[in-house]
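A short worksheet on the structure shown next.
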Amino acid sequence: MSAMAKALFPRAWVKKSFYFQARVSCVRVKYLFLTWLAVLVGSWVLYVQYSAYTELCRGHECKSAICDKYRRGIIDGSACSSLCDKETLYLGRCLSTLANNQVYTGSWGDYSGLIRCNLGEVVHYELGEEPEPHRQAFAFDKPTRGTSVEKFKEMVFNHLKSKLGEDPNLASLVSQILSVADGNRDGRVSLPEARSTWALLQMDEVLLGLLLQDRGHTPRLLGYCGDLYMTERVPYGPLYGLSLPWPLVSWVPGGLQRAMDQWFTPSWPRKAKISMGLLELVEDIFHGTYGSFLICDLAAAHFGYTDRHELRLTNTRVMVPEDEFRRSMQVLKCETDADCVYGVDCHTSCDSTARRCRVEPLQPNLAKACGALKDYLLRGAPSELREELEQQLYSCMALRGNAGQMNMEHSLILNNLKALLWRQISHTKDS
């Protein structure tokens with residue numbers, strides 16, 4: 001090797017070494033920058049999540065406010081001692097989606113269920129600050145001191161009458177509510193128990209749940225303290241068995257969502273039994289014991305089912321007494337039929353002359369229930385049944401609330417559909 005080549009070799013090696021070190025330094029800087037960026041973004045996400053959690057999940061506030069009033073003798077109920085003294089009633093995982101409507105999984109001895117508590121105005125505070133209790137949901141000032149049991153019964157009766165209208169069975173419903181009000185089962189309703197019961201009755205979802213739980217259509221009320229109450233857990237829900245996390249809902253196409261819904265349903269005989277439960281619910285609230293009710297949102301998310309595949313209406317807020325619906329629509333001004341909507345899907349038509357909504361619902365509950373069950377029941381249906389089932393479902397969906405002879409058609413279609421499903425599942429172990 002010439003002297004010149006020997007001189008050039010170390011120079012080239014040093015040059016390559018310099019380039020290599022510079023490249024390593026550049027990569028290291030990139031990694032450091034990405035790590036710093038990941039930490040920054042992660043911290044921001046944690047901050048947002050924690051802020052959202054502390055804003056939505058305020059169970060400690062709820063318990064503190066309830067137990068304070070219980071210890072001061074303002075309220076009482078079947079769950080008060082377990083919640084505040086014995087601490088055997090636990091608030092578990094937070095399910096709240098609204099800050100003033102607290103929802104938690106809960107356990108109470110051998111029972112597991114959902115605990116709900118209403119909070120007043122939402123207080124905004126900075127991260128790291130301790131929120132101050134600010135409860136204005138109920139003042140628990142009724143009934144007042146000195147109110148007799150007979151006067152309280154009259155208060156309850158008049159409240160039910162305002163909600164449900166005139167009904168000959170209201171007196172028996174009052175007796176049922178007073179039985180629930182006697183939380184410690186001592187044979188009398190104390191003033192604190194009466195105040196808790198009165199607060200619960202102001203919430204339509206509790207009142208309607210009490211109306212339907214004897215028929216097994218809603219989760220059973222397990223206990224209460226003030227306006228905090230616990231209902232039994234419905235293990236399977238929603239109806240289709242799959243609930244996407246809210247960030248994914250807007251990203252997954254509707255067609256794919258419907259297909260995914262169907263993948264997570266039980267076997268067909270079990271779907272038929274669950275569907276029978278929905279039809280029986282519709283039957284029981286159509287000119288039922290305490291009048292007629294409308295279901296104004298028949299989305300699958302509002303229903304669940306038990307281990308025995310018995311349907312439960314898990315959100316009674318979607319129900320409304322028909323008298324209340326008519327009163328609301330009667331005063332509603334309109335330009336087109338699109339203005340005459342109550343809830344999500346209780347519709348009436350617009351009287352263009354008077355510019356007022358008519359009071360007659362366009363679709364009965366049964367027609368909407370059949371629409372909700374169509375895809376659910378037809379997928380996987382036995383081949384020998386499918387054609388007849390499809391015909392009956394479409395006849396059911398064509399029912400109109402303002403048609404003549406609707407009551408007769410309603411009963412005929414409902415009975416035929418129930419009989420068809422029952423023939424298929426009566427011999428199965430799930431029946």
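Quick look at the numbers
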item	result
Translational diffusion coefficient (Stokes-Einstein; Kirkwood radius from C-alpha pairs) of the stretch 70-117 at 37 °C, 0.692 mPa s, in µm²/s	283
Residues with amide H under 5 Å from that of Asn101, placed H, sequence gap 5 or more	Leu119
Neighbour-count ranking [beta-carbon atoms within 10 angstrom, fewest first] of Ile274, Ile115	Ile274, Ile115
Neighbour-count order for Asp375, Asp186, Asp227, Asp110, fewest beta carbons within 10 angstrom listed first	Asp110, Asp186, Asp375, Asp227
Net length gained if the chain between Met406 and Ser190 were fully extended (0.36 nm per residue, minus Cα distance)	73.1 nm
Linear extension gain, Asp214 paired with Leu378, 0.36 nm per residue minus alpha-carbon span	56.0 nm
Rg followed by Dmax, in Å, when the stretch 246-425 is reduced to its Cα trace	17.4, 53
Simple spin-label estimate for Tyr90 and Ser172 in nanometres, 7 Å along Cα-Cβ	4.1
Subset of Lys368/Lys418; Lys69/Lys153; Lys63/Lys86; Lys273/Lys374; Lys163/Lys418; Lys69/Lys151 violating a 20 Å alpha-carbon distance limit	Lys69/Lys153; Lys163/Lys418; Lys69/Lys151
Under 5 Å, built H, 5+ apart or other chain: amide partners of Tyr229	Arg116
Proxy reagent accessibility, fewest Cβ within 10 Å first, across Leu278, Leu389	Leu389, Leu278
Spin-label pair Ala354/Thr289, simplified geometry with 7 Å Cα→Cβ offset, distance in nm	3.5
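Read-outs throughout are calculated quantities, based only on the coordinates presented, and are distinct from any laboratory measurement. Computed from a predicted model, the values in this text were never measured in an experiment. With ideal geometry, Cβ positions are generated from the backbone for all residues, glycine too; neighbour counts draw on all protein chains shown.
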